[in-house]
Amino acid sequence: RSSFFYVSHWFPQTQISPKEGWQVYSSAQDPDGRCICTVVAPEQNLCSRDAKSRQLRQLLEKVQNMSQSIEVLNLRTQRDFQYVLKMETQMKGLKAKFRQIEDDRKTLMTKHFQELKEKMDELLPLIPVLEQYKTDAKLITQFKEEIRNLSAVLTGIQEEIGAYDYEELHQRVLSLETRLRDCMKKLTCGKLMKITGPVTVKTSGTRFGAWMTDPLASEKNNRVWYMDSYTNNKIVREYKSIADFVSGAESRTYNLPFKWAGTNHVVYNGSLYFNKYQSNIIIKYSFDMGRVLAQRSLEYAGFHNVYPYTWGGFSDIDLMADEIGLWAVYATNQNAGNIVISQLNQDTLEVMKSWSTGYPKRSAGESFMICGTLYVTNSHLTGAKVYYSYSTKTSTYEYTDIPFHNQYFHISMLDYNARDRALYAWNNGHQVLFNVTLFHIIKTEDDT
């Protein structure tokens, strides 16, 4: 078999990014002879952060500055040299005058003495010029010696990093990143292995709320939506980018026709999906059109703190999206208060298929979907971890042990974004992001 496993660490295009460059953490073979590799994918500009490349660039800049200084000195010495040549002509004239004086000292002594004095006065400025000329010559010698030393250092660094200049190295890294990112885009779904972070993006709002981006938006569309509180609110704030969100520069606000319940909303393909307050009705609201496109009751779903997460807050119905589509996670009396997973039609909100799990909804801190698998945390407080997962592909479950750092002690929203491959969270009035590490199986043409 020629398939191999791939563990990918994803970093969304915000403040999350590794500080180092490309790194292969490990590689080995499993019992079937398949290659197992762990790789960290950095942001596209991280070559410039590499210590050796940065040192090389600084030295090259220093050499360039030195060369410019030498050029200035050279121009100045050339100017002085022309002045010296002029003085040489004058000194030759002076010598001729002396000969003339010797030939006729008596008759023309007074006249030639005056001319001699004038010539001497003209030569007086030559003395500081010659002194400066000697100083400049010493500086040039020193510069040349320093450049020779720097050249030796540069040669050593180039040999150490592969005998390529900085720009060539940078282009090679960019090419490698492009090829690997193209490969990563072809990857199918992966299994959650690790959660790292968080990175705090902003501190705002109440203890409870939601913030999100659209996983189906284009790469240039980085709008952020912000929904503070879990009840008694209808205002959605929009920001054009993460940077605008951090600075508080709103681009637009939306006044929804209904209040929402909970914090488990999702933006998907340009529309907001949320649970209508005091009901099990799901609303689809188009941001572009500014109106409700669909609404439907989620049959038998508990609502209004009948089956919430451990923290309460009318979190009975959790709407989420992943690589496969739109989902609703909730509980029913028919399933004894245990979690039910339903895949929804994004246009009509009809339930296309449901899975009944054995995990009590009231014992879950939060949950999120990745690649058709539901991951459930055991708490919303300190010490929380992903404790349970259910695969809709195989209709099987397993108990897991994936810890994560609950930095601000109380999580009221935790959702996966398939485009960023990160977890968005509302952590006690802080908007934070977590990295996720996924485990992929890449199949080649030889697989059957």
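When residues of segment 381-392 are filtered for being in a strand (DSSP E or B) and either among the acidic types (D, E) or closer than 27 Å to N305 by Cβ (or both), how many remain?
6
If V306 satisfies every condition in (1) open to solvent by less than 60 Å² (accessible area, probe 1.4 Å); (2) among the β-branched types (V, I, T); (3) farther than 30 Å from T200 by Cβ but one, which is the exception?
Failed condition: (1).
Please determine, by comparing only the residues of segment 227-262 that are touching a residue at least 24 places away in the same chain (Cβ under 8 Å) and in contact with an Asp or Glu (Cβ under 9 Å, 6 or more places away or on another chain), which one is most open to solvent (accessible area, probe 1.4 Å).
S251
Could you figure out which of (1) buried (at least 18 other Cβ atoms within 10 Å of the Cβ); (2) free of Cβ contacts under 8 Å to residues at least 40 places away in the same chain; (3) of a type in the set (A, V, I, L, M) isn't true of M352?
The number of the failed condition is (1).
Please go through segment 204-226 and give me each residue that is surrounded by fewer than 15 Cβ atoms within 10 Å (Cβ to Cβ) and free of Cβ contacts under 8 Å to residues at least 60 places away in the same chain, ordered by number.
Those that are surrounded by fewer than 15 Cβ atoms within 10 Å (Cβ to Cβ) and free of Cβ contacts under 8 Å to residues at least 60 places away in the same chain: S218, E219, K220, N221.
Residues are listed down the side, and each one gets a yes or a no for (1) closer than 20 Å to N435 by Cβ; (2) part of a loop (DSSP other than H, G, I, E, B); (3) aromatic (F, W, Y):
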| site | (1), (2), (3) |
| --- | --- |
| S354 | no, no, no |
| T357 | no, no, no |
| R362 | no, no, no |
| Y375 | yes, no, yes |
| S379 | no, yes, no |
| T394 | no, yes, no |
| Y397 | no, no, yes |
| I402 | yes, no, no |
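What are the residue pairs meeting all of these: first residue in segment 403-422, first residue touching a residue at least 12 places away in the same chain (Cβ under 8 Å) and under 19 Å from M212 (Cβ atoms), second residue open to solvent by 20 Å² or more (accessible area, probe 1.4 Å) and not in a loop (DSSP other than H, G, I, E, B), Cβ atoms under 6 Å, and 6 or more apart or on different chains?
Listed pairs, sorted by first residue: Y408/H430.
The values are calculated or read from the model by the stated rules, or taken from the named source; none is laboratory data. Since this is a predicted model, take the numbers as computed values, not measurements. With ideal geometry, Cβ positions are generated from the backbone for all residues, glycine too; neighbour counts draw on all protein chains shown. For the accessible areas, the whole protein counts, side chains as well, though only heavy atoms, and no ligand, DNA or RNA atoms are used. Shrake-Rupley method; radii C 1.70, N 1.55, O 1.52, S 1.80 Å.
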